[in-house]
1. Against the conditions (1) in a helix (DSSP H, G or I); (2) open to solvent by 50 Å² or more (accessible area, probe 1.4 Å); (3) at pLDDT below 85, where does GLY9 fall short? Just the number, please.
2. Return yes when LEU40 is modelled with pLDDT of 85 or more, at negative phi and of a type in the set (A, V, I, L, M, F, W, C) and no when it is not.
3. Can you name every residue in segment 4-26 that is under 19 Å from GLY52 (Cβ atoms), free of Cβ contacts under 8 Å to residues at least 24 places away in the same chain and of a type in the set (A, V, I, L, M, F, W, C)?
4. Pick from segment 43-66 the residues that are part of a loop (DSSP other than H, G, I, E, B), surrounded by 13 or more Cβ atoms within 10 Å (Cβ to Cβ) and on the phi < 0 side of the Ramachandran plot: which of them is modelled with the lowest pLDDT?
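The values are calculated or read from the model by the stated rules, or taken from the named source; none is laboratory data. All values reported here derive from a predicted model rather than from experimental measurement. Quick reminder, even Gly has a Cβ in these numbers, built from the backbone with ideal geometry, and neighbours come from all protein chains shown. For the accessible areas, the whole protein counts, side chains as well, though only heavy atoms, and no ligand, DNA or RNA atoms are used. Shrake-Rupley method; radii C 1.70, N 1.55, O 1.52, S 1.80 Å.
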Amino acid sequence: MGQFKDVEGDNRFEQAFDDDKGAGLVWADYAVKGDARIILHVEAEPSLRGSGAAGRCGLFVFWMWFLPAG
């Protein structure tokens, strides 16, 4: 599992995966409202679909919700 990144210019969290279940990128698009980030959508590249990678990234995003934007 790669580094978890906040790509603020795209309002997107990204994480790379490369393990026995597949390799590729997972991203979670978000909106910013005040100090909150609201997750709009979590998606994985086709090579990772069905591997659970989006759920693993999504769970990490869930724990990040309390971090203020900016």
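1. It fails just one condition, (3).
2. On the way: modelled with pLDDT of 85 or more: yes; at negative phi: yes; of a type in the set (A, V, I, L, M, F, W, C): yes.
When the stated conditions are applied, LEU40 passes them.
3. Initial filter on segment 4-26 (under 19 Å from GLY52 (Cβ atoms)): 4, 13-26.
Filter again for free of Cβ contacts under 8 Å to residues at least 24 places away in the same chain, leaving 14, 16, 18-20, 25.
ALA16, LEU25, listed by residue number.
4. Taking segment 43-66 and keeping what is part of a loop (DSSP other than H, G, I, E, B), we get 45, 49-52, 65-66.
From what's left, surrounded by 13 or more Cβ atoms within 10 Å (Cβ to Cβ): 45, 49, 51-52.
Next, only the ones that are on the phi < 0 side of the Ramachandran plot stay: 45, 49, 51.
Values: GLU45: 84, ARG49: 74, SER51: 70.
My answer is SER51.
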